[in-house]
Amino acid sequence: MVRLSQQLSLEQRLTPQQILLSTLLQLPTLSLEQKIKTELELNPVLEEAQELEEVEEQELEENQEQAEEIQEEFEQLEDNNKSEEEELYEEAEEEINWEDLVNDDEAYELKLPREKKEEEYERPEVYTATLAEHLLNQLRMYNLSEQAFRIGEYIIYNLRDDGYLDPEVSLDTIAQVFQTTPEEVEKVLKLIQHLDPVGIAAR
């Protein structure tokens with residue numbers, strides 16, 4: 001009679017790498033260094049890694065060398081440019097005879113500015129408004145009816161040069177011209193008398 005049975009077992013197996021690592025960890029420091037050196041000598045594929053500080057120092061030295069080379073090239077260029085400028089300056093001095101130029105009276109001529117006459121200057125004309133235009137501009141600021149404005153315009157154009165109203169033009173005459181009453185004409189006249197200049201259209 002066949003019997004089936006199950007059995008649980010726990011086994012721990014180490015890989016060769018784990019075994020090597022455990023043996024290396026157990027070694028003291030001196031023997032570990034010797035072991036590493038022997039492995040490096042036996043295995044040509046392995047290389048000893050440089051420390052980070054050494055790498056940084058090498059890079060810094062290389063950068064300094066490059067900077068020094070660039071500085072030397074720049075100084076050489078400056079020296080070349082200076083020498084070229086000096087050569088050009090010397091050639092120019094040799095070509096120009098400064099003594100001849102200074103002693104040559106005909107080469108220099110003093111030119112004084114020509115005095116302009118008053119007639120040559122163009123003076124812009126300044127427009128000045130007449131007394132009638134000045135009064136009409138002020139009269140337009142009032143909200144007058146068309147007939148009242150025409151009465152005021154008639155009075156303004158009948159002013160004398162001294163600003164007084166022509167005595168031959170009476171209120172009745174103006175009222176007849178515009179077919180209105182003398183009172184309406186007098187209202188417009190008083191309005192004009194309050195305009196600038198003071199005392200205008202006095203009788």
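Just so you know, all these numbers are worked out from the coordinates, no wet-lab data involved. A quick note: this is a predicted structure, and the numbers were derived from the prediction, not measured. Note that we place each Cβ from the backbone using ideal geometry, even for glycine, and neighbour counts take in every protein chain shown.
Coordinate range of the alpha-carbon atoms in the range 131-193 per principal axis, descending: 27, 26, 16 Å.
Computed over the range 131-193, relative contact order equals 32 percent, with contacts defined as Cα pairs under 8 Å that lie 6+ residues apart. For the pair N143 and E78, label points projected 7 Å from Cα toward Cβ lie 8.4 nm apart. The D172 and E133 beta-carbon pair, evaluated with R₀ = 25 Å, returns a calculated FRET efficiency of approximately 0.35.
Go ahead and run the numbers for FRET between L40 and T15, Cβ-Cβ distance against an R0 of 25 Å, rounding to 0.05.
Details: r = 23 Å, r/R0 = 0.94.
Plugging the Cβ-Cβ distance into 1/(1 + (r/R0)^6) gives 0.60.
Modelled spin labels at E61 and S31, positioned 7 Å past Cα toward Cβ, are 3.7 nm from each other.
Once you charge only the Cβ atoms, +1 for Lys and Arg and -1 for Asp and Glu, what is the size of the charge dipole of the range 131-193 about its Cα centre, to the nearest 20 debye?
In debye, rounded to 20, the range 131-193 gives about 220.
Of the trypsin sites (Lys or Arg not before Pro) found in the range 159-196, those that fall in a DSSP loop while having at most 12 other beta-carbon atoms within 10 Å are R160.
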